[in-house]
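Bear in mind that the values in this text are calculations on the coordinates, not laboratory data. Fair warning: this is a prediction, and the values are worked out from it, not measured in the lab. Cβ sites come from the backbone with ideal geometry, for glycine too, and all protein chains shown count toward neighbours.
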């Protein structure tokens, strides 16, 4: 394979975005798709500017509900992951249950949450939480459970207690798994929030898209999509950067 | 003779599948270098766990330093075929790890850190890793990692060093180099060594006494004192007495395998 220069490689993702936008605009124009069915990139861009105020307000709502849900997911995911990862018994006991729980479409929880908490931010936060804690649990638990038995022997013979093994070896060792799961979890959290907002809220990007769609203002709907994916991408990159900073030793091959 | 490690009719079974080792009787002097050889699956690892108190015999008794083994034996250090160094710690910090765990060093770790670092650097220097103390394990070759692993096993100045095929994954030249490293360490410090290995030349070159184990359930079928003069130069392994000794041991193992 030909090697590309580093600067070209850095530009490549941006170039891909530009190509996608051009393709989008070109195809819509070529086939003369009406704007209320599939708006052109230009229409979406125009909506983004025209409705900058409401979009900003709603995306802020989506952003902070997502972050709270994600934060809860991290706390619960870590706690649960450490608990079941540190004990083979609990690992075997809880794993099938977790898998079963994860298989439930989280949108199915929204009506239940609405009954319990009413319409608004709380169901959005909880949906984001429910959808994003699973990968964190699985990754942390896997990181802990795959500890080499020899390493454990080396420490146990010195009189190490379980907590010592966990702190000195288990947790540092599972950090790369943890940070990798954060990247997945943050994007899932956005999915959770938006799904909940489209069903049961009167604020947030999900709600904005829903109501714009019902008025056939497809430009605005697509503007909403763009904002969500932009937010998710920024957060993904943030956690990806954090991962490299915190666990550089696990990524030595990629330097 | 007063035994440092004593096995008295020891058998061990993990579950209903029969004994892993059976009827082991042996005495190891303080400062003795013993090697265990045998076919794979002969319970050598079980033997190590019994010695260090990570497992307890289902029959018989294990005594170390005059006392029955009742729990993990902190006077022992262990090294395995995989160096098992922690990739987020430098070589130096890896070597220091046992001192963060074992008593009484654990409590003094913060206060005496400088002194401990001195121990670790001295130890690394004796195995030829002085310049690699601040490197990470993945920046080291396999042989260097194994040297560091042995340093980690020795940092808390154990009386008993347990080695489970420590050189098994290394190339022949590196392996012979490390034999000499271990020989010199042992000759300087005179801890007791229990070395489990597949390599007869390794066993004969390093050990005072070689025990040959049978297939599962593992029993000691032969105890052989190696009376080659010390210090043993590596060249001795290419001379006639040594070669005859190894051939003799080899034929015994062959008998066990074919029986």
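Equivalent ellipsoid of segment A:195-255: semi-axes from √(5λ) of the C-alpha gyration tensor, largest first, are 37, 12, 7 Å. In terms of other Cβ atoms within 10 Å, A:249, B:179, A:241 run from fewest to most in the order A:241, A:249, B:179. Just checking the listed ones, A:103, A:141, A:86: in the Gaussian network model of chain A with Cα springs under 10 Å, the one fluctuating most is A:103. Between segment B:182-259 and segment A:189-241, the alpha-carbon centres lie 71 Å apart.
Legend: calculated FRET efficiency, residue B:131 to residue A:241, from the Cβ-Cβ distance at R0 = 25 Å, rounded to 0.05, equals 0.15.
The fraction of Cα-Cα pairs per 5 angstrom bin, counted from 0 for segment B:118-193, comes to 3, 15, 29, 27, 18, 7, 0 percent, rounded to whole percents.
Within segment B:165-259, the proportion of Cα pairs with more than 15 Å between them is 63 percent.
Per q in 0.13 1/Å, what log10 I(q)/I(0) does a Debye calculation on the alpha-carbon atoms of segment A:59-246 return? Debye curve over Cα of segment A:59-246, log10 I(q)/I(0) at q = 0.13 Å⁻¹: -0.72.
Taking 0.36 nm per residue of sequence separation and removing the Cα-Cα distance, the residue A:42/residue A:229 pair yields an extension gain of 65.6 nm. Among B:61-67, A:9-15, sorting by the average number of other beta carbon atoms lying within 10 angstrom of each residue, highest first, gives B:61-67, A:9-15.
Within the listed set B:117, B:196, B:212, the Gaussian network model of chain B (springs between alpha-carbon atoms below 10 Å) gives the highest mean-square fluctuation for B:117. With a Förster radius of 60 Å applied to the beta-carbon distance between residue B:112 and residue A:49, the computed FRET efficiency rounds to 0.35. Put in order of Cβ neighbour count within 10 Å, fewest first, the listed residues A:251, B:198, B:156 become A:251, B:198, B:156. Less than 16 Å from a label point 7 Å out along the Cα-to-Cβ axis of residue A:146: which backbone N atoms in segment A:85-108 qualify, by residue? Residues A:85-86 qualify, since their backbone N sits under 16 Å from the label point. Full extension of the chain between residue B:258 and residue B:61 yields a length gain of 67.8 nm, computed as 0.36 nm times the residue separation minus the alpha carbon distance. Largest first, the three principal axis extents of the alpha carbons in segment A:1-90 are 61, 46, 24 Å in whole numbers.
Give me the base-10 log of I(q)/I(0) for segment A:152-255 at each q in 0.20 Å⁻¹, Debye formula, one uniform scatterer per Cα, rounded to two decimals. Debye curve over Cα of segment A:152-255, log10 I(q)/I(0) at q = 0.20 Å⁻¹: -0.97. Using C-alpha pairs under 8 Å with a sequence gap of at least 6, the mean separation divided by the residue count of chain B gives a relative contact order of 26 percent. Highest mobility in the GNM of chain B, judged by mean-square fluctuation with C-alpha springs under 10 Å and restricted to B:50, B:26, B:206, is found for B:26.
Highest mean packing first, where packing is the average number of other Cβ atoms within 10 Å per residue, the peptides A:18-31, A:203-216 line up as A:203-216, A:18-31. For the pair residue B:198 and residue B:235, the difference between a 0.36 nm per residue extended length and the Cα-Cα distance amounts to 11.2 nm. Globularity index of the protein assembly as shown is 1.34 (Cα radius of gyration / 2.2 N^0.38 Å, N = number of residues).
Hydrodynamic radius of chain B by the Kirkwood approach over all distinct alpha-carbon pairs: 19.0 Å.
Put simply, when A:145-157, B:223-235, B:78-90 are sorted by average Cβ atoms within 10 angstrom per residue, most first, you get B:78-90, A:145-157, B:223-235.
Per-residue mean of other chain beta-carbon atoms within 10 angstrom of the beta-carbon, peptide B:78-88?
If you average over the peptide's residues, the count of other-chain Cβ atoms is 5.
Taking every alpha-carbon pair under 8 Å whose residues sit at least 6 apart, segment A:59-246 reaches a relative contact order of 30 percent. Can you compute the FRET efficiency between residue B:8 and residue B:157 using 1/(1 + (r/R0)^6), with r the Cβ-Cβ distance and R0 = 25 Å? Round to the nearest 0.05. With R0 = 25 Å, the Cβ-Cβ based efficiency is 0.35. Normalised by the number of residues in segment B:50-160, the average gap of Cα pairs under 8 Å and 6 or more apart makes the relative contact order 36 percent.
Peptide B:70-76 shows a mean partner chain C-beta count of 3 within 10 Å per residue C-beta. Among the residues of B:162-168, the average count of other protein chain beta-carbon atoms within 10 Å of the residue beta-carbon is 1. Restricting attention to the protein assembly as shown, close to 50% of DSSP beta bridges with both partner residues there are antiparallel. Between the C-alpha center of segment A:23-88 and that of segment B:79-137 there is a gap of 48 Å.
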